[in-house]
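Report on the structure given below.
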Amino acid sequence: MKPFDFQRAERLEHAAQLCADEATKPIAGGTNLIDLMKLQVETPQTLVDIQRLPLGRIDDTDDGGLRIGALATNTATAVHDRVRSDYPLLARAILAGASQQLRNKATTGGNLCQRTRCYYFTNIDQPCNKREPGSGCGALKGIARLHAVLGTSSECIATYPGDMAVAMTALGATVEIADAKGRTRSVSVRDFHCLPGDTPWRDNVLEEGELITAVILPPPIEGRQLYRKVRERSSYAFAMVSVAAIVAIENGRFTRADLAFGGLAHKPWHDPRVSELLLGKEPSAQLFDAAADVLLDTAESYGENEFKIPLARRTLAAVLAEATGVEL
Amino acid sequence: MPITINSRAYDLPEDNRVTLLDFLRHDLGLTGTKKGCDHGQCGACTVLVDGMRINSCLSLAAMHDGDHVTTIEGLGTPDAPSRLQQAFVEHDGYQCGYCTPGQICSATAMLQEIASGWPSDASESLEGPVAATGAEIRERMSGNLCRCGAYANIVAAIEDVAAQEDAA
């Protein structure tokens, strides 16, 4: 680990001011950042310990939603009574990720900002446009098993690795962000992460000096909530494909189909065309297939991740079948 | 504020790069906590911080001022082992023993999590009561790897203690 200065922020504005320097990073749970610092993928000159800022609460909002503080741990969120009863999709997604030890430290804000697990990104001997702009993408012609099939660019085919944000994307949650001047802004979680394009080093829309303060969940949504994660072992592994779904059927037809996908792209994937296709129609295996056609119409694979395209199709069908009782 | 480890107060290290794991092992000589992967993947370094299990390799000691840490040395001694320590011996829950301190620290917290009714990925219901079944134990202990593959006996040891606690 490279030497760094260590500071503790007692107030949010102070933390944001310190983090306005591009060589300064905030640290809370540290489960991703410390790992990347050991690998010298991250080499901040200064770490700002923000874990004592008062951002750990989970509170009801006035409209019946839920405000999850940026420093609420993944464990605190997953075991929260209202998350379990009103947002089971979110509890399920969090519990499907990492290990209990990691969830006990990992925070809401840190989880949203976690970096890709692309093996070329985490190995400083390999080219990576995300870590070292202009150095090339090792994965494009290399081992691309974990990698994206949607929204890729010629610069980067990395995936966003998390589960929590996939559930939040299906739920249509909002990320609350504060800056060094005490201003706040809100961004839909669906717009929080970026596609790689020609700026693959940019994971999300946070500007320097901005800190996530909370994620706001909308009031509880009617419907069946499911999170299905397909991975290479049954626990403690990243998603190859995951599907988050909130589905409602009335009079035999879809009245809600809010879907988000993990493991497919540089961000939790949300394609409004998929729910548009499903709404008002009777669930059937043929319809689920047509939904997958729309979801995957621009999908492109890079050798080893070719399996993800049929896997996404099958996982989507399996989730919709489970939610609607249709037999495949 | 100092850090409290197994009920004893210590000053934090001067070098802010020192992880909690290296602080325990290298600076304090508490070598019961093991360094396996040093990247949060194996669980050998699991300790309890204010009762919660964490990977001590992925945490800076400097971020633990005022915290209360319990390591395997704080759970029991050869003369007065904890129930889990005793059960691991009785069930032969190891081969080489390197992962064992992490397994036992992890299981100690896990039984408390089950007692608190916290669900896991293996739980049928998010809101129902939780039992320490084999499937629940395997899921909840997935952050602790055993390269010798002593899993069957590790699960048996934990099941045994869970049943004793249920009966108590």
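So here's what we get for this one:
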read-out	value
Residue ranges of strands (runs of 3 or more DSSP E) in the range B:1-119 with at least 1 members within 11 Å of chain A (Cβ to nearest Cβ)	B:46-49, B:52-55
For A:Asp59: the one exception among (1) more than 18 Å from the chain's Cα centre (by Cα); (2) part of a loop (DSSP other than H, G, I, E, B)	(2)
Candidates A:Ala70, A:Ala9, filtered to the one that is surrounded by 24 or more Cβ atoms within 10 Å (Cβ to Cβ) and closer than 16 Å to A:Ile212 by Cβ	A:Ala70
Search result, residues across the range A:202-242 that are at positive phi and within 13 Å of chain B (Cβ to nearest Cβ)	A:Tyr236
Residue list for the range A:19-38, filter: assigned to a loop (DSSP other than H, G, I, E, B), under 14 Å from A:Ala180 (Cα atoms) and not aliphatic (A, V, I, L, M)	A:Asp21, A:Glu22
Residues within the range A:43-73 that are more than 17 Å from A:Gly109 (Cα to Cα) and touching a residue at least 24 places away in the same chain (Cβ under 8 Å), tallied	8
Per-region count, the range A:1-39, residues of a type in the set (S, T, N, Q), away from every other protein chain (no Cβ under 12 Å) and within 25 Å of A:Arg103 (Cα to Cα)	1
Condition met for A:Lys229 (surrounded by 23 or more Cβ atoms within 10 Å (Cβ to Cβ), in contact (Cβ under 8 Å) with a residue 40 or more places away in the chain, basic (Lys, Arg) and more than 24 Å from A:Thr24 (Cβ to Cβ))	yes
Candidates A:Ala173, A:Ala178, A:Ala158, A:Ala148, filtered to the one that is in contact (Cβ under 8 Å) with a residue 60 or more places away in the chain and in contact with a strand residue (DSSP E or B) (Cβ under 8 Å, 6 or more places away or on another chain)	A:Ala178
Number of the exception - B:Asp121 against (1) surrounded by 19 or more Cβ atoms within 10 Å (Cβ to Cβ); (2) in the same structural domain as B:Thr31 (by TED's automatic domain parsing)	(2)
Of residues in the range A:86-98 being at the interface with another protein chain (Cβ under 7 Å from one of its Cβ atoms) and touching a helix residue (DSSP H, G or I) at 6+ places or on another chain (Cβ under 9 Å), the one farthest from A:Val215 (Cα to Cα)	A:Leu95
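The values are calculated or read from the model by the stated rules, or taken from the named source; none is laboratory data. Quick caveat: nothing in here was measured; it's all calculated off a predicted structure. Cβ atoms come from the backbone with ideal geometry, glycine included; neighbour counts cover every protein chain shown.
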